[in-house]
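The values are calculated or read from the model by the stated rules, or taken from the named source; none is laboratory data. Just so you know, these numbers come straight off a predicted model, no measurement behind them. Cβ placement follows ideal geometry from the backbone for every residue including glycine, while neighbour counts extend to all protein chains displayed. Accessible surface areas use protein heavy atoms only, side chains included; no ligands, DNA or RNA. Shrake-Rupley method; radii C 1.70, N 1.55, O 1.52, S 1.80 Å.
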Amino acid sequence: RGWEMASVTDKKTYTRADVALHKEPDDLWIILHGRVYNVTKWAETHPGGKQVLRNYGGEDASVAWETFHNNKKFVRGHMGQFYIGDIVDEEKELKEIEKDYLRFREDMIQKGLFKPSPLYYILSILHIILFEVFGILILYYYGNGWIPWLLSAVCLAIGQQQASWTQHDFGHRSVFNSTNINKLFHNITVGFMKGGIGKWWNYRHYLHHSKPNHAHDPDVPFPFPFPFLLGKETPAKWGKNHWGRWIPFHRQHQYFFL
């Protein structure tokens, strides 16, 4: 790649505070499973985009790494050249919530809940097309009066809403085993059906998933939607400073299902 791997003798130990100092684009370190990596130059050619790495500059990205990379053996084979040392033993442990998440994720994988049904998505595309066709036919046969117009709008709105979620899963490359087939169907759903751009959506949405539901979410404005803030501190802080007079955050456990 044009830069050398550090030799074994060069390896050092760092505290998390040490790594936190290296969070700028021209000096970018991250922590993965207790090991420290200098990804400054790699960020420019990172397949997931440089901004995803920069979002974790100086931080522990172990959970995000586990979530984003399906072929972990392949990825590990390319990581050695960026490895510069280890976190000191007393700071290697992940936070309890992060360990809980990884255990939960592994449990879901073992139960097969991450295995999608391609047939379901093919049928989903077909029913989207039907809603779009119904919306056009209603206007074609009944004219553009208020009732036909409203019925047509409902059909088209449902079709577009369903297309949004269908393209979402293709965009995550999570429907078929083939990346190219996922890309093809993503371009069909987000491009032809919604008039969007697949690469733009991937770039923005992957940024969101690198730090979702976070005060510094790089894609989705926070907090949105306002009534569904989670945690012990954030709802209270936001409610006190902003919307607490109108939105009963302390009752969110009773209306979250909405």
| Within segment 80-99, tally of residues that are open to solvent by 50 Å² or more (accessible area, probe 1.4 Å) and under 15 Å from GLU59 (Cα atoms) | 4
| query | For VAL52, which of the numbered conditions (1) open to solvent by 60 Å² or more (accessible area, probe 1.4 Å); (2) at pLDDT below 90 fails to hold? | reply | (1)
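Can you tell me how many residues in segment 74-116 are of a type in the set (Val, Ile, Thr) and free of Cβ contacts under 8 Å to residues at least 12 places away in the same chain? Even if it seems obvious, please write down each step before you answer.
Going through segment 74-116, the residues of a type in the set (Val, Ile, Thr) turn out to be 75, 84, 87-88, 97, 109.
Then keep just the ones that are free of Cβ contacts under 8 Å to residues at least 12 places away in the same chain; that gives 75, 97, 109.
Qualifying residue count for the region: 3.
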| said: Just to verify a result, which residue in segment 141-162, among those that are in contact with a Phe, Trp or Tyr (Cβ under 9 Å, 6 or more places away or on another chain) and within 24 Å of ASN202 (Cβ to Cβ), is surrounded by the fewest Cβ atoms within 10 Å (Cβ to Cβ)? | reply: GLN160
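Taking segment 12-28, which residues are open to solvent by 30 Å² or more (accessible area, probe 1.4 Å) and either modelled with pLDDT under 90 or of a type outside the set (Asp, Glu) (or both)?
The first filter runs over segment 12-28 and keeps only residues open to solvent by 30 Å² or more (accessible area, probe 1.4 Å), leaving 12-13, 15-18, 20-27.
LYS12, THR13, THR15, ARG16, ALA17, ALA20, LEU21, HIS22, LYS23, PRO25, listed by residue number.
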| Conditions (1) outside any loop (DSSP other than H, G, I, E, B); (2) farther than 24 Å from PRO212 by Cβ: number failed by GLU66 | (2)
| Quick check: is even one residue across segment 71-79 surrounded by 14 or more Cβ atoms within 10 Å (Cβ to Cβ) and in contact with a helix residue (DSSP H, G or I) (Cβ under 7 Å, 6 or more places away or on another chain)? | no
| request: State yes or no: is TYR37 in contact (Cβ under 8 Å) with a residue 24 or more places away in the chain, open to solvent by less than 30 Å² (accessible area, probe 1.4 Å) and of a type in the set (Phe, Trp, Tyr)? | output: yes
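Of the residues that make up segment 66-81, is at least one touching a strand residue (DSSP E or B) at 6+ places or on another chain (Cβ under 8 Å) and closer than 16 Å to LYS11 by Cβ?
Yes, there is a match, as at least one residue in segment 66-81 is touching a strand residue (DSSP E or B) at 6+ places or on another chain (Cβ under 8 Å) and closer than 16 Å to LYS11 by Cβ.
Just one of ILE87, ILE97 is among the hydrophobic types (A, V, I, L, M, F, W, C) and modelled with pLDDT under 90; which is it? Reasoning before the result, please.
Working: ILE87 fails: modelled with pLDDT under 90.
Only one candidate qualifies: ILE97.
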| Out of THR67, THR9, sole residue that is open to solvent by 70 Å² or more (accessible area, probe 1.4 Å) and modelled with pLDDT under 95 | THR9
| note | Among (1) closer than 30 Å to ARG54 by Cα; (2) open to solvent by less than 70 Å² (accessible area, probe 1.4 Å); (3) among the charged types (D, E, K, R), LYS183 falls short only on (2)
| field | Answer from ARG204, ARG173 - the residue that is under 29 Å from TYR120 (Cβ atoms), open to solvent by less than 80 Å² (accessible area, probe 1.4 Å), in contact with a helix residue (DSSP H, G or I) (Cβ under 8 Å, 6 or more places away or on another chain) and at pLDDT 65 or above | value | ARG173
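A quick yes/no check of all residues on (1) closer than 24 Å to TYR14 by Cα; (2) under 20 Å from the mean Cα position of the chain (by Cα):
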| residue | (1), (2) |
| --- | --- |
| ARG35 | yes, no |
| LYS41 | yes, no |
| PRO47 | no, yes |
| ALA61 | yes, yes |
| ILE97 | yes, yes |
| ARG105 | no, yes |
| MET108 | no, yes |
| GLY135 | no, no |
| said: Cβ-Cβ under 6 Å, sequence separation 6+ or interchain: first residue in segment 117-140 and open to solvent by less than 60 Å² (accessible area, probe 1.4 Å), partner among the polar types (S, T, N, Q) and part of a helix (DSSP H, G or I). Which pairs? | reply: SER124/THR166; ILE128/GLN162; GLY135/SER152; ILE138/SER152
